[in-house]
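First up is the structure itself, then whatever we jot down about it.
The values are calculated or read from the model by the stated rules, or taken from the named source; none is laboratory data. Just so it is clear, the model here is predicted, and its values are computed rather than measured. Neighbour counts are summed over all protein chains in view; Cβ atoms, including those assigned to glycine, are modelled from backbone coordinates with ideal geometry.
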Amino acid sequence: MLHYPNSISSKLPKVGTTIFTVMSKLAQDYNAVNLSQGFPDFPVSEELIDLVYKHMKAGKNQYPPMAGVMALRETIAVKMEKAYGAKYDPEAEITITAGGTQAIFTAIMATVSEGDEVIIFTPAYDCYAPAVELAGGKPVYVQLKNSDYSIDWKQVKKVVSRHTKMILINTPHNPSGAIISEKDIQELIKITKDNDIIILSDEVYEHIVFDGEQHLSMAQYPELINRSLIVYSFGKTFHITGWKTGYIVGPENLMAEFRKVHQYNVFTANGPIQYAIADYMQNAENYLHISEQYQKRRNIFLSAVKASRFKLKPAKGTYFQLLDYSAISDEDDIDFAKRLTAEFKVASIPVSVFYHNPVQNHVLRFCFAKEEETLLRAGEILTKI
């Protein structure tokens, strides 16, 4: 048996096995319909797969440039200008990353120093706070309103201080499916007007917005673009989460700092995949209508659970739907989620785990990025509870 030195002190003493791992294992153990972890179960585009194979066969299997394949960066620059009217220099202001999480981690490590404060809205995706803590910063939590998961700007103004280095925005929002409004943008502009606060904007679900709503990006606002590092994900856009490829855009001064860390963090991202995506994105139809596909899946799921005892408000974006089970049980959400998996064979994620201090709203998160048959089967089960 190996013996370890007793002097090791964890940098993340409160972090254990994530709830995503726990619930996915329970789903496997009980052969449950897995609507917990956010990954699609439908096929990837054959054209995109063929393009990866094409570039592998062409010998593009060695290190691409540190900042990413130029053809892909140029394609992204075109897309950003068409979508948001934002002009980014592909040479200095766009970097391809090994997924959105790596981009977020690297951005925080590159810009947050000992004692800096970072405002995080909860419930929040679980990678934000640990990255801030590893950078020596202090997470400052602002809880979203329980009714609709909107931002309480009065509370934000109370916690902004001379130590505030960054505000972390996530829209469309995981886990709630909420999106920010024009009013939110104007409040953010006011708060950051006379200071050097950096905005780190997690916009990985940019193309998954429903019911005629528009995704509002930091990139489309002159008052925000020059202070914003914005993270995107090909995994979410093209349902290739296992390929772990994304990108980040930002002004040259911030991107220069980002790349200093990026080169020692991962150096670069998968080469053949970058070449393939660059080709695939030449046809904008491959990503402009994704929201329609997911809205159809959302509506199938909502229709399937309509007759159940769960309460719901349709998600405005992402591929997650929250269901309120307060009319069914008063159990805390972790216990109920586990029982739902073990007894009823549907796996979800309890929303309390996305808070700094767990909040019991009796809400579970379900991923509807699934085949219609999967969603209907889950809905049939949930309706019987």
Qualifying position, being surrounded by 14 or more Cβ atoms within 10 Å (Cβ to Cβ), of a type outside the set (S, T, N, Q) and in contact with a Cys (Cβ under 9 Å, 6 or more places away or on another chain), among Leu51, Leu35, Leu26: Leu35
Based on what the data block shows, is Gly271 at positive phi and small (Gly, Ala, Ser)? no
Within the stretch 144-163, residues part of a loop (DSSP other than H, G, I, E, B) and not hydroxyl-bearing (Ser, Thr, Tyr) come out as Leu144, Lys145, Asn146, Asp148, Ile151, Asp152, Val160, Arg162, His163
Return only the number of the condition from (1) within 21 Å of the chain's Cα centre (by Cα); (2) over 15 Å from Gly246 (Cβ atoms); (3) of a type outside the set (D, E, K, R) that Pro90 does not satisfy. (1)
Could you list, in sequence order, all residues of the stretch 356-369 that are at pLDDT below 95 and farther than 22 Å from Ala327 by Cβ? His356, Asn357
Tell me, which residue of the stretch 326-346 that is free of Cβ contacts under 8 Å to residues at least 60 places away in the same chain and assigned to a loop (DSSP other than H, G, I, E, B) is nearest to the chain's Cα centre (by Cα)? Asp332
With respect to Gly38, determine if the residue is closer than 19 Å to Gly235 by Cα, touching a strand residue (DSSP E or B) at 6+ places or on another chain (Cβ under 8 Å) and in the same structural domain as Glu133 (by TED's automatic domain parsing). no
Might you let me know whether the stretch 147-168 holds any residue that is of a type in the set (S, T, N, Q) and touching a residue at least 60 places away in the same chain (Cβ under 8 Å)? no
Of these, Gly59, Gly16, which one is under 29 Å from Arg259 (Cβ atoms), small (Gly, Ala, Ser) and surrounded by fewer than 17 Cβ atoms within 10 Å (Cβ to Cβ)? Gly59
Picked from the stretch 353-374 (must be assigned to a helix (DSSP H, G or I) and within 17 Å of the chain's Cα centre (by Cα)), the residue surrounded by the most Cβ atoms within 10 Å (Cβ to Cβ) is Phe354
If we scan the stretch 309-318, do we find a residue that is of a type outside the set (Lys, Arg) and under 21 Å from Thr101 (Cα atoms)? yes
Residue in the stretch 125-135 that is surrounded by fewer than 16 Cβ atoms within 10 Å (Cβ to Cβ), closer than 21 Å to Tyr355 by Cβ and charged (D, E, K, R) present: no
